[in-house]
Ligand code: FAD
Ligand code: NAI
């Protein structure tokens with residue numbers, strides 16, 4: 001039996017990054033993945049494929065709606081979904097192979113098969129050919145990720161009642177789609193199809209999109225998504241979904257109760273959150289405990305209740321984000337090597353890749369109010385920015401929240417062009433506990449979208465934006 005210093009179960013961004021860092025630190029490392037390709041949800045059916053389709057559909061949308069204004073005239077424009085999906089598959093394939101290359105480069109042994117604990121130091125791997133192999137682990141990192149939540153009443157059939165996994169493979173443009181949940185997946189994948197002409201109706205339990213994110217950003221994005229043709233049924237709950245060969249029928253009603261409504265659509269996409277995935281992992285054999293939501297319980301070292309067994313990423317508490325999983329992977333590897341790493345969970349940025357994009361770091365106004373922290377607000381709209389007018393991307397704004405007395409930046413929220421990238425300035429400055437005045441006094445290149453950050457910081461620090 002092969003025995004390793006560290007065995008990582010799951011090869012998503014949490015697992016593969018943990019494995020690389022362990023190997024870099026001199027540990028003999030193995031990674032177990034039940035699928036044939038490495039990279040987990042993120043690379044195979046999450047971040048990468050969804051962004052590939054978001055980019056393709058945005059190109060189509062621009063060509064269809066905005067090129068004319070730029071003086072570019074096209075005829076015979078139409079989406080070719082088969083090619084779009086093929087390009088997406090190629091991107092995924094190259095990215096997954098990249099991870100395989102990194103495993104080999106770092107001399108990490110890859111085991112393909114379903115891993116499960118035999119005991120706290122032994123893991124069995126059930127392979128596709130029916131064989132089973134056991135390996136020994138001095139330390140184990142559980143990085144088994146998450147799966148979509150699919151309540152029984154929604155009758156998830158993978159054909160017409162689908163989750164993001166199937167939505168990323170649709171190669172014939174649907175005429176209509178109902179999306180349950182106005183969270184990140186609902187809005188990103190809803191945008192992909194709405195941009196190409198699919199009629200999208202979203203049913204959301206809460207009274208707004210993106211619960212938990214800044215309310216002004218959510219309102220601004222709602223306006224743009226409505227312009228794109230998306231319809232929202234807020235404060236509604238779905239009571240039943242049924243699919244057949246060609247369509248799905250969705251029954252829903254007001255949250256407080258009321259008359260039941262029914263919509264028939266080509267597809268129903270369930271996007272109401274994800275659950276930690278530990279099925280068949282044999283947690284009981286190792287004695288590892290999970291909480292009532294199925295998340296593996298960990299302490300501040302990300303160690304489970306069993307010494308030597310750690311857990312990271314979507315399978316533990318916290319934001320279900322690839323970069324959070326990666327940070328935790330590095331954190332555990334360095335902890336195992338005797339180092340003293342640190343993660344500031346308050347400074348994990350969040351991004352929604354709609355157009356305009358939404359991004360955020362730190363606290364929202366609602367959180368600051370709840371915590372009784374006095375703060376001031378500075379806002380700057382993109383429509384006042386030359387760069388945004390040049391590219392016809394004038395929807396959105398940047399909001400900087402700073403402590404009322406110390407001026408320290410407490411939160412930055414943006415909706416607008418390329419804010420997925422622009423947010424990094426705020427993250428970096430907040431890591432160094434900068435003030436809004438520090439942010440405002442930094443020279444920003446002109447003309448760029450980043451000037452909106454400087455202006456919002458000027459507004460926050462002293463209410464003195466230049467271009468407003
Ligand atoms: P995962 O990536 O889920 O990987 C877990 C791996 O473990 C899987 O490959 C699984 O097969 C394997 N596994 C599970 N059990 C076993 C077992 N017993 N034996 C062997 N292998 C096992 N996040 C972002 O930050 N940015 C985005 O833009 C973004 N977009 C997303 C879009 C979509 C459509 C979805 C669904 C998610 C998106 N996410 C995004 C979330 C992101 O994908 C996850 O947060 C991230 O993948 C979590 O990483 P992980 O390593 O914890 O788990
Ligand atoms: P989510 O938690 O973002 O949104 C779920 C939405 O569904 C919420 O608005 C919620 O109020 C609503 N909802 C819940 N139950 C409902 C019901 N029964 N009926 C109607 N509405 C209901 O979850 P989502 O969109 O499924 O994404 C899952 C995870 O994947 C997220 O936690 C996110 O972190 C991650 N992700 C991240 C992305 C990014 O970083 N850009 C992109 C896509 C996913």
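What follows draws every value from the coordinates through simple rules; no lab data is involved. What you see is a predicted model; the values in this text were computed from it and never measured. Please note: Cβ atoms are built from the backbone with ideal geometry, for glycine as well, and neighbour counts cover all protein chains shown.
A few comments on the model shown:
- Intensity falloff of the range 121-173 expressed as log10 I(q)/I(0), Debye formula with alpha-carbon point scatterers, at q = 0.13, 0.19, 0.23, 0.26 Å⁻¹: -0.63, -0.83, -0.90, -1.00
- Stretching the chain fully between residue 78 and residue 100 yields a gain of 4.3 nm (0.36 nm per residue, less the alpha carbon separation).
- The label point for residue 446 and the one for residue 244, both projected 7 Å from the Cα toward the Cβ, are 6.4 nm apart.
- Stretchable slack from residue 367 to residue 171, in nm (0.36 nm times residue separation minus alpha-carbon distance): 66.4 nm
- 268, 443, 96, 42 arranged by Cβ crowding within 10 Å, fewest neighbours leading: 443, 96, 42, 268
- With a Förster radius of 56 Å applied to the beta-carbon distance between residue 110 and residue 254, the computed FRET efficiency rounds to 0.65.
- Size of the range 152-272 as Cα extents on the principal axes (Å, biggest first): 41, 34, 20
- Its Cα gyration tensor gives the range 68-143 an equivalent ellipsoid. The semi-axes, each the square root of 5 times an eigenvalue, are 46, 15, 11 Å from largest down.
- Cα-based shape type of the range 188-241, given that a ≥ b ≥ c are square roots of the gyration tensor eigenvalues and the cut on a/c is 1.5: oblate
- Annotation: for a label point projected 7 angstrom from Cα along Cα→Cβ of residue 65, residues of the range 160-193 with backbone N closer than 16 Å are 187-193.
- Calculated on C-alpha atoms, the gyration radius of the range 23-127 divided by its Kirkwood radius gives an Rg/Rh of 1.21.
- The label-point distance for residue 301 and residue 128, in a model that sets each label 7 Å from Cα toward Cβ, rounds to 3.8 nm.
- Over all projection directions, the Cα-based convex hull of the range 382-468 averages an area of 4.9 nm².
- Expected-Rg normalisation [2.2 N^0.38 Å, Cα atoms] applied to the chain: 1.03
- Backbone N under 13 Å from the residue 344 label point (7 Å along Cα→Cβ), restricted to the range 398-430: 408-412, 425-430
- Over all directions, the projected convex hull of the C-alpha atoms in the range 371-416 averages 3.5 nm² in area.
- Sites residue 292 and residue 147 - FRET efficiency at Förster radius 22 Å, r taken between beta-carbons, to 0.05: 0.80
- Taking the inverse of the mean 1/r over every pair of distinct Cα atoms in the range 309-468 gives a Kirkwood hydrodynamic radius of 16.6 Å.
- Of all DSSP beta bridges in the range 152-272, antiparallel share, percent nearest 5: 45 percent
- Cα→Cβ-extended label distance, 7 Å offset, between residue 36 and residue 219, nm: 5.1 nm
- Here 431, 328 are placed in order of increasing Cβ neighbour count within 10 Å, fewest first, which gives 431, 328.
- With a Förster radius of 41 Å applied to the C-beta separation of residue 2 and residue 58, the computed FRET efficiency comes to 0.30.
- Here the sum of -39500 (n - 2.57) over DSSP H runs of 4 or more residues, divided by the residues of the chain, equals -9500 deg cm²/dmol at 222 nm, to the nearest 500.
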